[in-house]
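Q: Sending over a structure as structure tokens; questions will come in a sec.
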Amino acid sequence: MFGLFKKNELPAPGQALPGRSEEIETADRHFVLDRPLKGPYPEGTEHILFGMGCFWGAERMFWKLPDIWLTAVGYSGGATPNPTYGEVCSGQTGHAEVVRVTFDPAKIPVTSLLAKFWEGHDSTQGMRQGNDAGTQYRSAIYTTGPEQFEAAQRSRDVFQKQLTASGYGKVTTEITGAGPFYFAEADHQQYLAKVPNGYCGLGGTGLTCAI
């Protein structure tokens, strides 16, 4: 019980694992979209990062959207540089499991991505998602520009009204500017395309986000 409790609390300043200066090895290309995972990315594209619980199912949700350029899973929102999956799962890095979505806003607006985010998981659960408990499973939106940030806040306020009307509690989603993004190991990239019957713990509220 003590270990579970600690894994549901972010590490205090100075208490995160030290990590490493070297990047963790990852895949070269997207298994589904067959594009280079680390770029170059087309002119005009943007990144936005979503934490929705286990990143396997979250990534699949976004790569299936039309006009998405790229998706990648990784770690963000914490203090440990270049963490491993095991370190993130220990709760001692402060990172969330995230999917980074690369998109052209001229082809698919960020509001479409935000609607998919809110509909795809339960954003009221704090440091867990369903049976997956721990700080790495928290709901989060990490934005890469003021327009994204403002759109994320507006969408939260709209969806909160819908949640409240349906008997749900307060949204616990962390919304902030993106810090460093660390690519997860190759096995985790596009995991559910490689293992179609693999675990996916995502479960939404059944509500449609009206933005």
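The values are calculated or read from the model by the stated rules, or taken from the named source; none is laboratory data. Keep in mind the model is a prediction, meaning the values are calculated, not measured. Reconstructed Cβ throughout: ideal geometry from the backbone, glycine too, with neighbour counts over all protein chains shown.
Q: Output the residues belonging to region 106-136 that are closer than 19 Å to Ile48 by Cβ, of a type outside the set (S, T, N, Q) and surrounded by 19 or more Cβ atoms within 10 Å (Cβ to Cβ).
A: Answer for region 106-136, where residues must be closer than 19 Å to Ile48 by Cβ, of a type outside the set (S, T, N, Q) and surrounded by 19 or more Cβ atoms within 10 Å (Cβ to Cβ): Val110, Leu113, Leu114, Lys116, Phe117, Trp118, Gly120, His121.
Q: Follow-up. So which residues in region 11-27 are loosely packed, with under 10 Cβ neighbours inside 10 Å and within 20 Å of the chain's Cα centre (by Cα)?
A: Glu25
Q: Examine region 75-82 for a residue that is out of contact with any Phe, Trp or Tyr (no Cβ under 8 Å at 6 or more places or on another chain), surrounded by fewer than 18 Cβ atoms within 10 Å (Cβ to Cβ) and farther than 21 Å from Asn131 by Cβ, and state whether such a residue exists.
A: Taking region 75-82 as the starting set, the residues that turn out to be out of contact with any Phe, Trp or Tyr (no Cβ under 8 Å at 6 or more places or on another chain) are 78-80.
Right, trim to surrounded by fewer than 18 Cβ atoms within 10 Å (Cβ to Cβ) and you get none.
Among the residues of region 75-82, not one is out of contact with any Phe, Trp or Tyr (no Cβ under 8 Å at 6 or more places or on another chain), surrounded by fewer than 18 Cβ atoms within 10 Å (Cβ to Cβ) and farther than 21 Å from Asn131 by Cβ, which makes the answer no.
Q: Which residue is surrounded by the most Cβ atoms within 10 Å (Cβ to Cβ), if the candidates are limited to region 31-57 and must be in contact (Cβ under 8 Å) with a residue 40 or more places away in the chain, within 15 Å of Lys194 (Cα to Cα) and among the hydrophobic types (A, V, I, L, M, F, W, C)?
A: Step one: filter region 31-57 for residues in contact (Cβ under 8 Å) with a residue 40 or more places away in the chain, giving 31-32, 37-38, 41-42, 44-57.
Then drop every residue that is not within 15 Å of Lys194 (Cα to Cα), which leaves 31-32, 55-57.
Applying the additional criterion that residues be among the hydrophobic types (A, V, I, L, M, F, W, C) yields 31-32, 55-56.
Working: Phe31: 15, Val32: 17, Phe55: 28, Trp56: 24.
The extreme case among them is Phe55.
Q: Within region 99-129, count every residue that is out of contact with any strand residue (DSSP E or B) (no Cβ under 8 Å at 6 or more places or on another chain) and within 20 Å of Ala184 (Cβ to Cβ).
A: Total satisfying the criteria: 1.
Q: Could you list, ordered by first residue, the pairs with Cβ atoms under 6 Å in which the first is in region 102-113 and farther than 20 Å from Leu37 by Cβ and the second is modelled with pLDDT under 95, at least 6 apart or interchain?
A: Thr111/Ile211
Listed here are the residues, each with its yes/no results for (1) without any contact (Cβ under 8 Å) to a residue 12 or more places away in the chain; (2) within 18 Å of the chain's Cα centre (by Cα).
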| position | (1), (2) |
| --- | --- |
| Thr172 | no, yes |
| Thr176 | no, yes |
| Gly179 | no, yes |
| Glu185 | no, yes |
| Gln189 | no, yes |
| Lys194 | no, no |
| Gly198 | no, no |
| Gly206 | yes, no |
| Ala210 | no, no |
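Q: Still on this structure: Return the only residue of Tyr168, Tyr182 being under 23 Å from His30 (Cβ atoms) and crowded, with 16+ Cβ neighbours inside 10 Å.
A: Tyr182
Q: Sticking with this structure for a sec: Taking Gly167 and the conditions (1) within 26 Å of Asn8 (Cα to Cα); (2) in contact (Cβ under 8 Å) with a residue 12 or more places away in the chain, which numbered condition does it fall short on, given that it satisfies the others?
A: Against the list (1) within 26 Å of Asn8 (Cα to Cα); (2) in contact (Cβ under 8 Å) with a residue 12 or more places away in the chain, Gly167 comes up short only on (2).
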